[in-house]
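Accompanying notes for the structure given below.
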Amino acid sequence: MNNEPVLVGITGGIGAGKSTVSRIFALLGVPVYDADSRAKKLMTEDPQLVAAITAAFGEEAYHNGVLNRHFLAEKAFADDKLVARLNALVHPAVARDFAGWHNHHSTPYILKEAALLFETGAYQALDVTILVTCPQQTRMARIKQRDPQRPVAQIEHIMAKQIAVAKAEALADFIIKNDEENMLIPQVLTLDKQLRSIR
C-alpha cells in the first residue's frame with residue numbers, strides 16, 4: 001500500500017480566494033504549502049538562489065542581504081523576458097523546497113497553494129489540481145477592498161498575465177466556486193472526503 005500523501009495543487013486567479021479555501025483545508029488538518037510565501041523566503045535565505053539572482057540582476061538586487069523588491073519589480077516586471085528569467089530561477093528552487101517539505105508529512109493528502117500552478121507547469125508534478133473560480137468583477141472588488149492602494153491598471157495587468165479561466169478549468173481536476181451563489185465550506189468538505197479516499 002502506498003503511504004505517500006496525495007499531492008494536491010490549488011490555484012486561482014488573483015482575488016479568486018484560493019488562500020481562503022486553503023485556510024479551510026488547513027482547519028481540517030491538511031498541511032498547506034504556500035508556494036508564493038516560500039518563494040519570497042527562499043529569495044532571501046537560499047544561498048544558491050540568492051547567488052543566481054545577483055548574477056542575473058546585479059548587486060542592486062539585494063541591500064544588506066535583504067531582497068530589494070522595489071528594484072526587482074521595476075527592472076523585471078517591465079520586461080516579460082526578465083520576468084521569465086526570474087521565474088526560471090525561483091520556480092526550480094520552490095520545487096526543491098516543496099519536495100523536501102512534503103517528505104515530512106504522512107497525511108492522506110497535502111496541499112500546495114500557488115498562484116502560477118498551470119502557467120509554470122508545476123501542476124505536472126502533482127497528482128490532483130483544484131481551481132478556485134470567481135467572476136472577474138467580484139475578484140476586482142475583493143482586491144480593491146483588501147488593497148485599496150493598488151492601482152486598477154496594475155490589477156488588470158496581473159489578471160491579463162494569468163492563465164485564461166477556461167483553459168485553467170480544462171486542466172483542473174476539481175473546481176471550487178467562490179462566488180456569491182455557492183457556499184464555500186460544503187464544497188471543501190465534499191472535496192476533502194474525495195481526496196482522503198484516493199489512496
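Values quoted throughout were computed directly from the atomic coordinates according to the rules given, and no laboratory measurement underlies them. Since the model is a prediction, treat every value here as computed from it, not as a measurement. Here Cβ is always computed from backbone atoms with ideal geometry, including for glycine, and neighbour counts include all displayed protein chains.
Summary table
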quantity	calculated
Where GluC sites (Glu not before Pro) fall in DSSP loop in region 148-199, at most 12 other Cβ within 10 Å	Glu180, Glu181
Sorted peptide list for 15-26, 37-48, criterion being average Cβ within 10 angstrom, highest first	15-26, 37-48
Length-normalised contact order for the chain - Cα pairs under 8 Å, 6+ apart - percent	38
Segment Ile175-Asn103, length gained on full extension (0.36 nm per residue, minus Cα span)	23.3 nm
Two-decimal log10 I(q)/I(0) for region 113-184, as the Debye equation yields it once each C-alpha is a single scatterer, q = 0.17, 0.20, 0.23 Å⁻¹	-0.73, -0.96, -1.16
Unsatisfied cross-links (Cα-Cα over 21 Å) in the set Lys40/Lys193; Lys75/Lys161; Lys18/Lys161; Lys41/Lys112	Lys40/Lys193
Difference of contour (0.36 nm per residue) and Cα-Cα distance, Val32 to Gln194	56.6 nm
Distance (nanometres) between label positions extended 7 Å along Cα→Cβ at Arg85 and Asn182	4.1
Rule-of-thumb Rg ratio for region 38-104 [Cα; 2.2 N^0.38 Å; N residues]	1.11
Inter-label distance, nm, simple model (7 Å from Cα along the C-beta direction), Gln136/Lys41	3.5
Diffusion constant of the chain at 37 °C, which comes from Stokes-Einstein with the Kirkwood Cα-pair radius and 0.692 mPa s, µm²/s	182
Euclidean distance of C-alpha centroids, region 85-118 and region 60-81, integer Å	23
Helix axis angle, 184-196 relative to the chain longest principal axis, alpha carbon, degrees	80
Rounded to 10°, Cα long-axis angle of helix 35-45 versus longest principal axis of the chain	30
The chain: angle of helix 47-57 to the longest principal axis, Cα-based, in degrees nearest 10	60
